[in-house]
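The values are calculated or read from the model by the stated rules, or taken from the named source; none is laboratory data. Worth saying up front: this structure is predicted, and the values here are computed from it rather than measured. Here the Cβ is made from the backbone with ideal geometry for all residues, glycine too, and neighbour counts use every protein chain on show.
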Amino acid sequence: MEVILAEHAGFCFGVKRAVDTVYEQIENRKKDGGPIYTFGPIIHNEEVVRDLQERGVEVLSSLEEAEALPAAERGTVIIRSHGVEKRVYEKLQELGFEVVDATCPFVKRIHTTVERESAAGKSIIIVGNAGHPEVEGIRGWSGASTYIIESVKEAEKFVRRDGEELCIVSQTTFNYKKFQDVVEIFNQKGYNGSVVNTVCNATEVRQAEARELAARVDVMIVIGGNHSSNTRKLYEICRQECRMTYYIQTLDDLHLQLPKSVRLVGITAGASTPNNIIEEVQNYVRINF
């Protein structure tokens, strides 16, 4: 049996940059002291977050938690890769934290676009998953009316106000084809405005590669955190192409009973999955099947 690992699996540029930033701050603390926090989980991977907690890095889940800390415990707070609302930056600085920004540069670019376009009077359409931290962060940089569209069905129901000009952006990890489908609906409606394709190129490549791989293997394994949006989308894409697709977080979740007819097993992983977990799964499948 052959095991094929997708070329673009595991940490993307933005995630690696964010995780490296936290470990750098841990090293700096050895010299300077002071507590370190991340605002929300630095990435959507429980194994990484657990390792950081064991090294003394705590997660602040809200501004209320930050405000409740005594002044002496307001050390360094690292903004997660997904980014946060503008008001969060301002409030953390006001509270006396040293703010280190580990927002993915591609997400940061969306913040800049949304802030500029909303200041010019345009309403903002964010094509993405409502409630996702990246989407909530993007929304927080808009000074105008903002709408979140998750599907073609929602796009079809959307009604623009008279004279309303739109700017359409996307969550970086959104399914690229779904983004195109939503944009097409707005074009068909004849709504004026600008479209900025902010689906990350790494996401597009990863999704296309996963689709191609899943279409030619007998079994597909997708590795990533339970709360990882981009991993969930990889699973959905692979499941469309390969009926025997499995979504796991670590090797402990892998319970395979493969028929003898299986000859090809494909493996891909979300952008927040560490290489050591991918290697463990890959080696296990190769040795045991």
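The table that follows gives values for the structure above.
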| read-out | value |
| --- | --- |
| Residue in region 255-274 that is outside the structural domain of Asp20 (by TED's automatic domain parsing), assigned to a helix (DSSP H, G or I) and of a type in the set (Lys, Arg) present | no |
| Scope region 116-129; condition surrounded by fewer than 19 Cβ atoms within 10 Å (Cβ to Cβ) and either charged (D, E, K, R) or not assigned by TED's automatic domain parsing to the domain that holds Gln180 (or both); matching residues | Arg116 |
| Pairs where the first residue, in region 93-106, is among the β-branched types (Val, Ile, Thr) and the second is assigned to a helix (DSSP H, G or I), C-beta under 7 Å, 6+ apart | Val99/Tyr89; Val99/Leu92; Val99/Gln93; Val100/Thr21; Val100/Gln25 |
| One residue from Gly56, Gly83, Gly75 being surrounded by 12 or more Cβ atoms within 10 Å (Cβ to Cβ) and under 20 Å from Asn28 (Cα atoms) | Gly75 |
| Cβ-Cβ under 6 Å pairs, at least 6 apart or on other chains, region 204-226 side on the phi < 0 side of the Ramachandran plot and assigned to a strand (DSSP E or B), far side hydroxyl-bearing (Ser, Thr, Tyr) and at pLDDT 95 or above | Met220/Thr245; Ile221/Tyr246; Val222/Tyr235; Val222/Tyr247; Val222/Thr268; Ile223/Thr273 |
| Residue match in region 26-43 (condition: assigned to a loop (DSSP other than H, G, I, E, B), surrounded by 15 or more Cβ atoms within 10 Å (Cβ to Cβ) and out of contact with any helix residue (DSSP H, G or I) (no Cβ under 7 Å at 6 or more places or on another chain)) | no |
| Residue among Asn175, Asn197 that alone is closer than 30 Å to Phe158 by Cα and crowded, with 20+ Cβ neighbours inside 10 Å | Asn175 |
| Among (1) under 30 Å from Asp218 (Cβ atoms); (2) touching a Gly at 6+ places or on another chain (Cβ under 9 Å); (3) surrounded by 16 or more Cβ atoms within 10 Å (Cβ to Cβ), the one test that His8 misses | (2) |
| Meets criteria (in contact (Cβ under 8 Å) with a residue 60 or more places away in the chain, closer than 26 Å to Thr203 by Cα, touching a helix residue (DSSP H, G or I) at 6+ places or on another chain (Cβ under 9 Å) and of a type in the set (Ser, Thr, Tyr)) for Ser81 | yes |
| Within region 130-153, tally of residues that are in contact with a helix residue (DSSP H, G or I) (Cβ under 8 Å, 6 or more places away or on another chain), surrounded by fewer than 20 Cβ atoms within 10 Å (Cβ to Cβ) and either without any contact (Cβ under 8 Å) to a residue 24 or more places away in the chain or closer than 22 Å to Asn187 by Cα (or both) | 5 |
| Which listed residue, of Ser118, Ser145, is among the hydroxyl-bearing types (Ser, Thr, Tyr) and under 25 Å from Arg80 (Cβ atoms) | Ser118 |
| Some residue of region 10-18 being touching a strand residue (DSSP E or B) at 6+ places or on another chain (Cβ under 6 Å) and either at positive phi or assigned by TED's automatic domain parsing to the domain that holds Ile221 (or both) | yes |
| Unique residue being within 17 Å of Gly131 (Cα to Cα), of a type in the set (D, E, K, R) and under 18 Å from the mean Cα position of the chain (by Cα) when the list is Glu46, Glu85 | Glu85 |
| Failed condition for Thr173, given (1) in a loop (DSSP other than H, G, I, E, B); (2) assigned by TED's automatic domain parsing to the domain that holds Pro274 | (2) |
